[in-house]
Amino acid sequence: MTTRLSLRDVGFYVRGRINSGLSRLLNGRRRHHDLTPIPVDQVVRGPRDPRALVALLEARPNDAREAAVAMYLTARGVPFARHRFRTFEGGGENFSVDVGGGDRLLVLVAHHDAVPGSPGANDNAAAVGILLHLLERVRVPPALRVRFLFTAAEELGYLGAREYVKAMRREPIAGVISLELCGIGDSLAVWDAGENTPFLARVRAGLEARGLRADETYHQVGRIPVFGSDHRAFAAAGIPAYGLTMVPTAEADALRQFVFSPVRSALRQLVRRPAPFDTYHTPGDAGATIQPAALATVTGALESIVAEVR
C-alpha cells in the first residue's frame, strides 16, 4: 500500500534521520557483531517465556526478523492480521493479534525491526518476546479487547506505526502503550506522559496494583526529546499513548541527563553511556545482556494494566 506524504510524516522522517545520525555518532568506533542467530524452527519448538523468545529475532536482518514473527504466530496457531505498506521511506509488514471480545480497545505495541549492525536484543526483541508470551496467557476483562501489534520500520521514524494508524478503522481506543528497551533494569518508566489523562490514571493504577511504587519502582516521565517510539504515531492522531521502558535505578541521574540532552551527552559520554543506552543501537545489544527479572516485571505490569483499563 502506498500513501500520501503529510507534513507530520516529514517531521517523523526528519526525526528518524536525526536518530540515525545520533546512532552513528555514538557507535562510530564499534565493530559489527559476530553472533549467529538460532534457527527459527528451533526457537518455535523451545520454551515460550520472554527470555527464550528473544532468540526469535536476535541477530537476524530485518526481513528475517519480520518473517520470524509471522512464522511463530502461524506455528502457534494464533490468528493474526497482516498490514503491508510501502512508501518512499521504506516498507515492511505489521502484524496484529486481537484477544478478548469487548468494544473498548487497548493497543500494546512492540516493533520487530532493529538498526543495521545491531543484534537488536533489548531494542527490541525483548519487547516482542514479552508480547508473544503474554498474548497466549493474558486475562482480558469482558468489556475490553487487547490488540498486540508488532510493527515494522520503527527505526525509520515510526514508519510502520504511522502507516498502521492511517489505515486502521475508527474504533473506541482506550489507549496505546509501546514497549521499548524492556530487558534491562529494575524500575519502570512510563514516558511521554507529561499530562494526566484517564488512560494514564488506569496505567498507574495497574502498576500500583502490582505493588510498584511511584517515584521508586516506577516513574512517570514527560516528553523526551529526540528519542521516541511507535506510540508517538498514535499520539499524533489524538490517542492517549505512552512509552514503557525498563531502566536501572542506579543509573537514574545519568539517564535523566542523557535522554533530555542527548547530543551534548553523546559528545561527553563517548566512552561510557548509562545502561540501557550503553548497548543501544550497537553490536553489544545481545541476548546475553537481557535480564529475566526485567522481562518479568514488564509482563506482570502489563497484566495488571490490562485488568485495570476500562
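The values are calculated or read from the model by the stated rules, or taken from the named source; none is laboratory data. Everything numeric in this text was worked out from a predicted model, so none of it was measured. A quick note on method: Cβ atoms are made from the backbone with ideal geometry, for glycine too, and the neighbour counts reach across all protein chains shown.
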Per the filter on the stretch 220-238, residues buried (at least 17 other Cβ atoms within 10 Å of the Cβ) and either over 20 Å from residue 303 (Cβ atoms) or hydrophobic (A, V, I, L, M, F, W, C) (or both) are 221, 224, 227, 228, 229, 230, 232, 233, 234, 235, 236
Members of the stretch 45-59 that are in contact (Cβ under 8 Å) with a residue 40 or more places away in the chain and assigned to a loop (DSSP other than H, G, I, E, B):
48, 49, 57, 58, 59
Among residues of the stretch 138-165, those that are more than 15 Å from the chain's Cα centre (by Cα) and either crowded, with 24+ Cβ neighbours inside 10 Å or acidic (Asp, Glu) (or both), counted:
2
Unmet criterion (only one of (1) touching an Asp or Glu at 6+ places or on another chain (Cβ under 9 Å); (2) modelled with pLDDT under 95; (3) buried (at least 16 other Cβ atoms within 10 Å of the Cβ)) for residue 71
(2)
Helices (runs of 4 or more DSSP H) wholly in the stretch 188-295 with at least 2 residues that are among the charged types (D, E, K, R) and without any contact (Cβ under 8 Å) to a residue 12 or more places away in the chain - which ones?
252-260, 262-268
Selection status of residue 184, of a type in the set (Val, Ile, Thr), surrounded by 18 or more Cβ atoms within 10 Å (Cβ to Cβ), outside any helix (DSSP H, G or I) and out of contact with any Pro (no Cβ under 6 Å at 6 or more places or on another chain):
no
Options 130, 177; residue that is of a type in the set (A, V, I, L, M, F, W, C), in a helix (DSSP H, G or I) and surrounded by 20 or more Cβ atoms within 10 Å (Cβ to Cβ):
130
Residue 122: of a type in the set (S, T, N, Q) and in contact with a helix residue (DSSP H, G or I) (Cβ under 7 Å, 6 or more places away or on another chain), yes or no?
yes
Residue that is surrounded by the fewest Cβ atoms within 10 Å (Cβ to Cβ) [pool: residues in the stretch 187-214 that are among the β-branched types (Val, Ile, Thr) and within 10 Å of residue 240 (Cβ to Cβ)]
197
Out of the residues in the stretch 90-116 meeting the condition of being within 18 Å of residue 61 (Cα to Cα) and among the acidic types (Asp, Glu), tell me which one is nearest to the chain's Cα centre (by Cα).
113
From the option list 179, 188, single residue qualifying as closer than 29 Å to residue 82 by Cβ and under 15 Å from the mean Cα position of the chain (by Cα) is 179
What's the number of the only condition in (1) of a type outside the set (D, E, K, R); (2) at pLDDT 95 or above; (3) over 21 Å from residue 306 (Cα atoms); (4) touching a strand residue (DSSP E or B) at 6+ places or on another chain (Cβ under 8 Å) that residue 224 fails to meet?
(2)
Return the residue satisfying two criteria in turn: it lies in the stretch 241-260 and is in contact with a His (Cβ under 9 Å, 6 or more places away or on another chain) and crowded, with 20+ Cβ neighbours inside 10 Å, and of such residues it is farthest from residue 165 (Cα to Cα).
247
Any hit, the stretch 268-282, residues being surrounded by 18 or more Cβ atoms within 10 Å (Cβ to Cβ) and either within 22 Å of residue 134 (Cα to Cα) or in contact with a Gly (Cβ under 6 Å, 6 or more places away or on another chain) (or both):
no
Exactly one condition in (1) at pLDDT 95 or above; (2) of a type in the set (A, V, I, L, M); (3) over 26 Å from residue 163 (Cβ atoms) is not met by residue 263; state its number.
(1)
